[in-house]
Structures are given as C-alpha cells and as structure tokens.
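Chemist: This is the structure, below, for whatever I ask next.
The values are calculated or read from the model by the stated rules, or taken from the named source; none is laboratory data. In this text the structure is predicted, and so the values were computed from the model without any measurement. Note that each Cβ is placed from the backbone with ideal geometry, even for glycine, and that neighbours are counted across all protein chains shown.
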Ligand code: NCD
C-alpha cells in the first residue's frame, strides 16, 4: 500500500508522471470521468480548510467516485478523546482512500500504523503539506515551463508555513534552483530544513527585505503568518504585517515573475495585485484539484511501498521533545526514532548513533 506523507515519498520520476497525467486530465477530462466509480474518498479534517478539502472532494467527484468525511475535529469522535489511530482504523472500513489534516505534527505517520487504505497528508501542523506542493509544481511547470534553474523567493512565515517546507523539499531535488528565504528573523526556516538544504547542496540565502530581492526573482511564493501556530498573541500581532505585496513592489519585479500563494491570504497580498497578469494564486487552486485527481488515481492503483529504512524503538523511555508532536498526546502510540550514525574519517558509520529524529514529526532530539 502506498501513502503520501511527505513529498519525498514520490520520486522525481513519479512527480513527472503525475504532471503528465494532470496535463492529460486537463486535455481530456471525460476520459477520467468514471475511473473511480464505486470508490470512496474520506476527508478527515481535524483543522480548518477550504481549498484542500474541497479540492480533494471535487477531484474524487470528477473521477466518478464519492466522498464522505468531516470538517473540524468537533464534528468527529476526536472531540470525545478518540485517538487518531482508532479513527483511521474505523474509517478504513468505510473508504478506499483517506485524505487527512491534523494540527499535530506527525499525525499522518501515526495514522498509517492503523490504516488499511492509502493515507494522504493534507497538512500536519507546521510540518508538511505535500499535495499543496503538487499544486505548486504544476503552477511552476505551466507558468514558468520548468522546475529547475529558478530563483524562487519564499516570503513570510517560513517557520510554521508547512507549504514552504514541502515545496523546498521538492525543489531542492531539481538542479540549479536558488532559494531566497525572506522572513523576519523570528520566522526563519526551522534548523532541520536548513540542514537538509545544506546537505543537498542547495543554493540559498536568508534575507529580510522583500523590496531588495523581488527584482531578481523568477517566482515569489508569499505566505500567511500562521496565527494558529503562535504561542504568544503579542508576537503574532507584532509580526502579522511584516510583508505586504502591493502594486508598488510589483513594479520592481521582472515582467515574467510569477506570484504564488497557497491561500488563504490575509493582508500579505493587496487585492489590487489580483489583476496583475503575474498573479498566479487562483490558478494554483485549479491546478491543485487536477494534481489531486492524478494522485488519487495513482495511490488507489498501487500496492507496493518503496523500501525505506524503518524507525527504531528506543527502550530508555525517550519521548519526542516537540510539544506539537502527535506522539506527545496520542494514547498507545509508541515513541519511534530514526537514528543517524555519523560516518568516521575511515568511512565507517559509528556504532552508537550520534543523533535521533522523531519518526512522526521528524524533529531532531537534542
Ligand atoms: C495552507 C495550509 O493550510 O497550510 N493552505 C492551503 O492548504 N492551501 C496555507 C495557510 O493556511 O496559510
């Protein structure tokens, strides 16, 4: 069985194939209108959503399937204290595929432990959002003609913005991309993602001024300051209007730069920018639905999971240090970690691991 938890669960070749399927779906939608007849998609949204949930549902309906699910944790037995694993085990009896969104990081990794059907991560806390990345990749491919050799500015809340985390994971796998990371100091990318970029040899810089960088960009990816992830209201109020893209700043941009945003926007893009032909955020919405159609077809027709080294159990009672991790609240969820063995100068991995990463939220344990 095949799940999509993070975008790296798909190889670059598979992403290319999904983009090809999406292009064919756009050209010949009738060919796909009955492919999922008799099948059901469950959308389990423990956190608010407009586009992601509705685009999954529209995607399944356009494939001839049906949908069931809930929007909001209060509309499910989660409100009574049911665990994610029990919810998923239950819904596996009703649906052929599940798309889930949860406020806790790593929740879909817990879900797959009890899933009998494919699970798609539709956003887990401030961690990952791989299907938004599929929408973003289709946007770049269609509007810029390529996924490589792009200078892409990511602007706003890079700390909690899960769409940015997944997009970076995807785009660092294509050659020649350069990332300009524009954020207030407090909202810079998490250290783990910076380290991954360094390990992959990605070209990037951390900056604070959008005005100074916008002129050199091929694509500008704006993000909302993620109010719901802040522990302090004062800090949110101080940072919420850090960046506002308006007509004046658009005048500094290249004539073929595109503006992207996963939406919803609050203040960070002036509505006057919507009429600029470079504004692509509503196209992203449409592309997201098409890529989700291609993904549903793929996951429901595949049975094998590519081999990945599994996580390990640590017997010393270690628990994940991330307060937002699903493993801190979910009953009966065994703490699991990925050990990292440093390679010595002789090229031999150390016997005792030097680091551990949580198998759910992937945070390094220090
Ligand atoms: C994003 C999300 O939920 O992470 N929206 C989306 O899925 N299109 C971005 C956001 O909420 O700011």
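Chemist: Taking the condition in contact with a helix residue (DSSP H, G or I) (Cβ under 8 Å, 6 or more places away or on another chain) and either over 28 Å from residue 15 (Cβ atoms) or surrounded by fewer than 16 Cβ atoms within 10 Å (Cβ to Cβ) (or both), does residue 361 pass? Show your work before the answer.
Modeler: Numbers: in contact with a helix residue (DSSP H, G or I) (Cβ under 8 Å, 6 or more places away or on another chain): yes; either over 28 Å from residue 15 (Cβ atoms) or surrounded by fewer than 16 Cβ atoms within 10 Å (Cβ to Cβ) (or both): no.
No, not satisfied.
Chemist: Filter the range 168-189 down to the residues that are closer than 26 Å to residue 237 by Cβ and not in a helix (DSSP H, G or I) and list them by number.
Modeler: 181, 182, 183, 184, 188, 189
Chemist: Restricting attention to the range 43-99, which residues are in a strand (DSSP E or B), more than 20 Å from the chain's Cα centre (by Cα) and on the phi < 0 side of the Ramachandran plot? It would help to see each step written out before you state the result.
Modeler: Residues of the range 43-99 that are in a strand (DSSP E or B), as a first pass: 43-45, 66-71, 97-99.
With more than 20 Å from the chain's Cα centre (by Cα) added as a condition, the list becomes 66-70.
Hits for the range 43-99 are 66, 67, 68, 70.
Chemist: From the residues in the range 1-39 that are out of contact with any helix residue (DSSP H, G or I) (no Cβ under 8 Å at 6 or more places or on another chain) and not in a helix (DSSP H, G or I), which one is nearest to residue 360 (Cα to Cα)?
Modeler: 1
Chemist: Mind telling me which of the residues 193, 214 ends up being closer than 27 Å to residue 357 by Cα and touching a residue at least 12 places away in the same chain (Cβ under 8 Å)?
Modeler: Details: 214 fails: closer than 27 Å to residue 357 by Cα.
None of the other options fit; the residue is 193.
Chemist: In the range 139-167, how many residues are outside any strand (DSSP E or B) and either within 14 Å of the ligand (Cβ to nearest atom) or within 13 Å of residue 222 (Cα to Cα) (or both)? Steps first, please.
Modeler: Going through the range 139-167, the residues outside any strand (DSSP E or B) turn out to be 139-150, 156-167.
Filter once more, keeping what is either within 14 Å of the ligand (Cβ to nearest atom) or within 13 Å of residue 222 (Cα to Cα) (or both): 139, 156-167.
Result for the range 139-167: 13.
Chemist: Kindly check whether there is at least one residue in the range 100-108 that is at pLDDT 95 or above, away from the ligand (no atom under 15 Å from the Cβ) and not in a helix (DSSP H, G or I). Can you show your working first?
Modeler: Taking the range 100-108 first, the residues at pLDDT 95 or above are 100-108.
Imposing the further condition that a residue be away from the ligand (no atom under 15 Å from the Cβ) reduces the set to 106.
Add one more test, that the residue is not in a helix (DSSP H, G or I), and what stays is 106.
Yes: one or more hits.
Chemist: Please tell me if residue 301 is under 30 Å from residue 40 (Cβ atoms), surrounded by fewer than 17 Cβ atoms within 10 Å (Cβ to Cβ) and away from the ligand (no atom under 15 Å from the Cβ).
Modeler: On the way: under 30 Å from residue 40 (Cβ atoms): yes; surrounded by fewer than 17 Cβ atoms within 10 Å (Cβ to Cβ): yes; away from the ligand (no atom under 15 Å from the Cβ): yes.
It is true that residue 301 is under 30 Å from residue 40 (Cβ atoms), surrounded by fewer than 17 Cβ atoms within 10 Å (Cβ to Cβ) and away from the ligand (no atom under 15 Å from the Cβ).
Chemist: Could you say whether any residue in the range 205-228 is within 16 Å of the ligand (Cβ to nearest atom) and surrounded by fewer than 17 Cβ atoms within 10 Å (Cβ to Cβ)? Lay out the reasoning, then the answer.
Modeler: Quick first cut of the range 205-228, residues within 16 Å of the ligand (Cβ to nearest atom) only: 220-228.
Narrowing the set further to residues that are surrounded by fewer than 17 Cβ atoms within 10 Å (Cβ to Cβ) leaves 227-228.
Within the range 205-228 (the criterion being within 16 Å of the ligand (Cβ to nearest atom) and surrounded by fewer than 17 Cβ atoms within 10 Å (Cβ to Cβ)), the answer is yes, since at least one residue qualifies.
Chemist: What is the residue count in the range 34-57 for residues that are within 16 Å of the ligand (Cβ to nearest atom), over 13 Å from residue 123 (Cα atoms) and surrounded by fewer than 17 Cβ atoms within 10 Å (Cβ to Cβ)?
Modeler: Let us first name the residues in the range 34-57 that are within 16 Å of the ligand (Cβ to nearest atom), namely 43-57.
Narrowing the set further to residues that are over 13 Å from residue 123 (Cα atoms) leaves 54-55, 57.
Filter once more, keeping what is surrounded by fewer than 17 Cβ atoms within 10 Å (Cβ to Cβ): 54.
Qualifying residue count, the range 34-57: 1.
Chemist: Report, by residue number, each residue of the range 181-195 that is surrounded by fewer than 19 Cβ atoms within 10 Å (Cβ to Cβ) and out of contact with any helix residue (DSSP H, G or I) (no Cβ under 7 Å at 6 or more places or on another chain).
Modeler: Result: 185, 188, 190, 191, 192, 194, 195.
Chemist: Is it the case that some residue within the range 76-92 is in contact with a strand residue (DSSP E or B) (Cβ under 8 Å, 6 or more places away or on another chain) and within 16 Å of the ligand (Cβ to nearest atom)? Before the answer, list the steps.
Modeler: Step one: of the range 76-92, the residues in contact with a strand residue (DSSP E or B) (Cβ under 8 Å, 6 or more places away or on another chain) are 76, 84, 87-88, 91-92.
Narrowing further to those that are within 16 Å of the ligand (Cβ to nearest atom): none.
Scanning the range 76-92 turns up no residue that is in contact with a strand residue (DSSP E or B) (Cβ under 8 Å, 6 or more places away or on another chain) and within 16 Å of the ligand (Cβ to nearest atom).
Chemist: Please determine whether any residue of the range 342-350 is under 23 Å from the mean Cα position of the chain (by Cα), farther than 28 Å from residue 46 by Cα and either modelled with pLDDT of 75 or more or part of a strand (DSSP E or B) (or both).
Modeler: So the first thing to find is which residues in the range 342-350 are under 23 Å from the mean Cα position of the chain (by Cα), and the list is none.
No.
Chemist: Could you please find all residues in the range 118-138 being part of a loop (DSSP other than H, G, I, E, B) and within 14 Å of the ligand (Cβ to nearest atom)? Spell out the reasoning first.
Modeler: Residues of the range 118-138 that are part of a loop (DSSP other than H, G, I, E, B), as a first pass: 118, 125-127, 129.
125, 126, 127, 129, listed by residue number.
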